[in-house]
Each structure stands twice: as C-alpha cells, then as structure tokens.
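One structure is given here, and the rest of the page talks about it.
Each value in this text was obtained by applying a stated rule to the coordinates, not by laboratory testing. The shown structure was predicted, so the numbers you read here are calculated from the model rather than taken from an experiment. Every residue, glycine as well, gets a Cβ built from its backbone with ideal geometry; the counts of neighbours run over all protein chains shown.
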Amino acid sequence: MTPHPKSVLVLNGPNLNLLGRREPAVYGAQTLADVETICREACRTHGFTLDFRQSNHEGVLIDWIHEAGAAQAAGTLAGVVCNAGAYTHTSVALHDAIKGAAVHLIELHISNVHAREAFRQHSWLSPVAQGVLAGFGANGYALAIAALAMLPTGSKQ
C-alpha cells in the first residue's frame with residue numbers, strides 16, 4: 001500500500017477574496033480561484049495534495065494554524081503557505097499561533113511589501129516563518145510550495 005501523500009495548507013487572509021478586483025495594479029488580475037489552480041498544479045508537481053482556504057477572520061486563521069501543527073506532528077502535512085494579508089503587519093496572535101503550533105510556514109506576499117508603505121514593511125510572522133517570499137505575484141505561491149518541498153522533514157530552521 002502506498003502511503004498517502006502529505007498535504008500543503010495554503011492560508012489566505014483578509015481581502016484576498018477580492019483578488020482580481022482589488023487594486024489590480026498592485027495585486028494583479030488573477031482571482032483567488034486562479035491562485036488555487038496555481039497551487040494545485042504546484043502541489044501536483046511536488047507530490048503533495050492541496051488544502052486551500054481563505055478567511056477574513058483572524059481567529060479562524062489561528063484555528064487553522066493550530067490544526068496544521070497537529071497535522072504536521074502526525075506526519076500528514078508538509079507545511080503551510082500563508083498570505084496573511086494585513087494581519088502580517090498587526091497580528092501578534094498569528095505569530096504566537098505559528099510559534100506554538102511549531103508548524104513549517106512560508107510567509108507569502110503577492111506584492112513587494114518592502115517597496116510599499118512603511119507600515120507594510122514590518123511583519124510579525126517573519127520571525128517564526130521558515131522563509132518569506134514577496135513580489136512574485138500569484139506565482140509566488142508556486143515558489144512557496146517548492147520551498148516547502150525542499151525543507152528537510154521535521155526541521156525547524
């Protein structure tokens with residue numbers, strides 16, 4: 001019997017449901033459904049299954065991160081790709097959830113936050129993330145999934 005492939009959890013935070021309509025000059029014309037397609041193909045390429053979610057609610061994202069930590073500990077999850085949107089810059093609670101769950105997480109930004117407003121240049125997630133990708137548009141999701149595939153199993157860098 002072949003073991004079930006590990007999954008990748010892709011979390012999208014507030015306002016990402018508006019992709020394709022919200023500031024296309026900054027975030028591009030691709031919709032969240034397009035992003036999911038990119039992620040599904042990247043997961044297929046790396047032998048993962050995809051669990052793709054979006055919420056505008058901080059507590060829901062925290063609950064999902066807790067679930068992810070348990071799944072990773074059980075050996076069924078490779079890690080999380082998280083575009084926390086504005087919560088990146090405001091949420092100590094998400095920082096604490098990632099740290100507490102001890103989950104492998106790649107922080108992702110569609111735009112280059114370092115070339116934008118000063119308040120977007122601080123991240124509460126970066127100190128507890130395995131890595132950070134910013135500025136590659138929707139294709140950054142595929143890069144983040146590839147990064148998870150390169151992480152040694154069980155390592156917390």
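With an 8 Å Cα cut-off and a minimum separation of 6 or more residues, compute the relative contact order for the stretch 1-123 in percent. Write out the running numbers ahead of the final one.
Working: 182 pairs, mean separation 39.5, N = 123.
For the stretch 1-123, the relative contact order is 32 percent.
With only alpha-carbon atoms counted, please give the Rg and Dmax of the stretch 7-150, in Å.
Cα only, the stretch 7-150: 13.8, 41 Å (Rg, Dmax).
Taking only Cα atoms, what is the 0 to 90° angle, nearest 10, from helix 32-45's long axis to the longest principal axis of the chain?
30
Output ³J(HN,Hα) for the stretch 58-73: one whole-Hz value per residue in order, computed from phi by the Karplus curve 6.51 cos²θ - 1.76 cosθ + 1.60 with θ = phi - 60°, and x for Gly and Pro.
Whole-Hz 3J(HN,Hα) from phi for the stretch 58-73: 4, x, 5, 4, 4, 4, 5, 5, 4, 4, 5, x, 5, 5, 5, 4.
In whole Hz and in residue order, list the ³J(HN,Hα) couplings for the stretch 128-142 that follow from phi through the Karplus curve 6.51 cos²θ - 1.76 cosθ + 1.60, θ = phi - 60°; x for Gly and Pro.
10, 8, 5, x, 9, 10, 8, x, 9, x, 4, 5, x, 4, 5
Where the centre of each part is set by its Cα atoms, how far does the stretch 74-90 sit from the stretch 12-68, in angstrom?
10
Return the sequence-ordered ³J(HN,Hα) values of the stretch 106-113 in whole Hz as given by the Karplus equation 6.51 cos²θ - 1.76 cosθ + 1.60 applied to θ = phi - 60°, using x for Gly and Pro.
Taking θ as phi minus 60°, the curve returns 9, 7, 10, 9, 5, 8, 7, 4 Hz for the stretch 106-113.
Can you list the residues, at least 5 places off or on another chain, whose amide H is less than 5 Å from the amide H of Ser111, using H built in the peptide plane?
Result for Ser111 returns Gly135.
Determine the principal axes of the Cα atoms in the stretch 40-111, then give the extent along each, sorted from largest to smallest and rounded to whole angstroms.
Its Cα atoms span 34, 30, 16 Å along the three principal axes.
Give me the log10 of I(q) over I(0) for the stretch 1-76 at q = 0.11, 0.16 Å⁻¹, as the Debye formula computes it from C-alpha points; what are the numbers?
Debye output, listed in q order: -0.35, -0.68.
So how strong a dipole does the stretch 38-157 carry about its Cα centre when Lys and Arg Cβ are +1 and Asp and Glu Cβ are -1, to the nearest 20 debye?
Details: 7 positive and 8 negative charges, 47 e Å.
Approximately 220 debye in magnitude.
At 222 nm, what helix-only mean residue ellipticity would the chain give, in deg cm²/dmol to the nearest 500, using -39500 (n - 2.57) for each DSSP H run of four or more?
Calculated from helices alone, the mean residue ellipticity at 222 nm is -10500 deg cm²/dmol.
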